[in-house]
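Here is the structure we will look at.
Derivation of every value follows stated rules applied to the coordinates shown; laboratory data play no part. All values reported here derive from a predicted model rather than from experimental measurement. FYI the Cβ positions are ideal-geometry reconstructions off the backbone, even for glycines, and counts take in every protein chain you see.
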Amino acid sequence: MERANISGNRIKEARKRASMDQVELAVALEVEYKVNLTQSDISEIERGIRGVKDYELDYISRILNVSPIWLLRGQSNEI
């Protein structure tokens, strides 16, 4: 199966490092940025089933306090 995104595994890693579950991330996205992603959407992104929009990736990186470049490429010292 072809992956719908390349950042899902790193989103999951960063979310766990931030001690957040998928519901908490979804709620933070809604409260902080008015982005409506459900826990199921987060799960699908992390498993590579659902694509992630550029603005979603940006907001996810801000909430998880990681570089969006790291989420995309896994490079840089910023996590």
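In this structure, does Arg62 turn out to be assigned to a loop (DSSP other than H, G, I, E, B) and charged (D, E, K, R)?
In short, no.
Per-residue answers, yes or no, for (1) over 10 Å from the mean Cα position of the chain (by Cα); (2) farther than 23 Å from Arg3 by Cα; (3) aliphatic (A, V, I, L, M):
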| residue | (1), (2), (3) |
| --- | --- |
| Lys34 | yes, yes, no |
| Thr38 | yes, no, no |
| Ile42 | no, no, yes |
| Gly51 | yes, no, no |
| Glu56 | no, no, no |
| Ser61 | no, no, no |
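Looking at Asn9, Asn5, which one is surrounded by 12 or more Cβ atoms within 10 Å (Cβ to Cβ), polar (S, T, N, Q) and outside any loop (DSSP other than H, G, I, E, B)? It would help to see each step written out before you state the result.
Values: Asn5 fails: outside any loop (DSSP other than H, G, I, E, B).
Just one listed residue meets the conditions, Asn9.
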